[in-house]
Amino acid sequence: MVTPRRFLPSINSLMALEAVDRLGSATAAAQDLSLTHSAVSRQLKVLEEQLGVTLFVRDGKGLKLTLAGETYAQSVRSVLKQLAQASLKVKATGSRSSLNLAVLPTFGMYWLTPRLRDFCGAHPEVQINQATRVSPFDFQQEPFDAALHFGSQNWPGVHYLPLAAERVMAVCAPDFAPALPLSPEQLLELPLLHLESRPGAWEAWFAQHDLIASRLRGMLFDQFTNMTEAVAEGFGAALLPEYLARAEIARGRVVPAHPGLQEAEGTYYLVWPKTGGQSTALEQLINWLERDVSETMTDA
């Protein structure tokens, strides 16, 4: 037994505590849980007796959590959320193997997901779950088998599989300027949109056109998706990755502000922890992506 039973209150008691903390009263908690007021009060009393700690005090006609009650309720809420997520994962996965990926939202959507369709068709026994992470994390603390990473090989304790280099295109709304495309000199005088994770991107772009860009101004974004919407609405020109720029151009929402693609610093990687063994599902995905990247480079 991992934990003595005396330290494990019933789910009903924990749900009652969480609901009272979240909603502010036993009456509201009873309505939320489809229970009677007396049933909620009984669960709370059982919980206090089991723990031997006062969790609530009377506040007029209602209940108020003590400091111990508030602290415990926060932990309970986190545990209930994890339990619900674990239950959903088991229900959704069934008898299949699951693979949990942390993905960069835009690259995951436009580059990885189309490839996963073929992978899942070849490996129906594997289910891939995705969650967004935009910066490195500790694999020991987060329940992921692998992750997408952009930049350099600066994530400690992981293996790297290069997926794609970054090539960017300067794009804008179709009505952004009277005449398109624009020269780099013209772009230098217009509003330019910036991404937090690509500091210096415009400066490097202008440098490759033998221009010094020292006083750039424009809106700042933390996600490509939000920045792309701003581009389409005419707020400024932006540097978008090739896979995203081509998709938005095909939709007619943006057009090239300056012709051609330009190499940018950084590479997209699949990374996975060096500690622990790889699951069969992860090995299958790694091998699949290795072949796909190799075939793409050969075709190019």
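Some observations on this one:
- Members of region 28-59 that are among the polar types (S, T, N, Q) and touching a Gly at 6+ places or on another chain (Cβ under 8 Å): Thr54
- Of all residues making up region 86-105, the number that are surrounded by 12 or more Cβ atoms within 10 Å (Cβ to Cβ) and at pLDDT below 90: 5
- Residues of region 59-73 that turn out to be assigned to a helix (DSSP H, G or I) and surrounded by fewer than 12 Cβ atoms within 10 Å (Cβ to Cβ), as a count: 1
- Options Gln31, Gln50; residue that is assigned by TED's automatic domain parsing to the domain that holds Leu80, at pLDDT 90 or above and over 18 Å from Lys81 (Cβ atoms): Gln31
- Filtered residues of region 241-262 (kept if small (Gly, Ala, Ser) and over 17 Å from Glu166 (Cβ atoms)): Ala250, Gly252, Ala257
- Summed over region 224-249, the residues that are of a type in the set (Gly, Ala, Ser) and over 23 Å from Tyr268 (Cα atoms) give a count of 5.
- Complete set of residues in region 29-54 that are closer than 13 Å to Met15 by Cβ, of a type in the set (A, V, I, L, M, F, W, C) and part of a helix (DSSP H, G or I): Ala29, Ala30, Leu33, Ala39, Val40, Leu44, Val46, Leu47
- Some residue of region 231-240 being of a type in the set (D, E, K, R), exposed (fewer than 15 other Cβ atoms within 10 Å of the Cβ) and under 19 Å from Glu166 (Cβ atoms): no
- Pairs where the first residue, in region 177-201, is in contact (Cβ under 8 Å) with a residue 24 or more places away in the chain and the second is surrounded by fewer than 16 Cβ atoms within 10 Å (Cβ to Cβ) and acidic (Asp, Glu), C-beta under 9 Å, 6+ apart: Pro184/Asp210; Leu195/Asp222; Glu196/Asp222; Ser197/Asp222; Arg198/Glu265; Ala201/Glu265
- Spans of helices (runs of 4 or more DSSP H) in region 106-221 with at least 3 residues modelled with pLDDT of 95 or more and more than 24 Å from the chain's Cα centre (by Cα): 184-187, 201-207
- Taken together, the residues in region 250-296 that are over 19 Å from Val168 (Cβ atoms), part of a helix (DSSP H, G or I) and out of contact with any His (no Cβ under 6 Å at 6 or more places or on another chain) amount to 15.
- Against the test of being surrounded by 13 or more Cβ atoms within 10 Å (Cβ to Cβ) and over 21 Å from Pro241 (Cβ atoms), the options Phe139, Phe150, Phe176, Phe224 yield a single qualifying residue, Phe139.
The values are calculated or read from the model by the stated rules, or taken from the named source; none is laboratory data. Worth saying up front: this structure is predicted, and the values here are computed from it rather than measured. Reconstructed Cβ throughout: ideal geometry from the backbone, glycine too, with neighbour counts over all protein chains shown.
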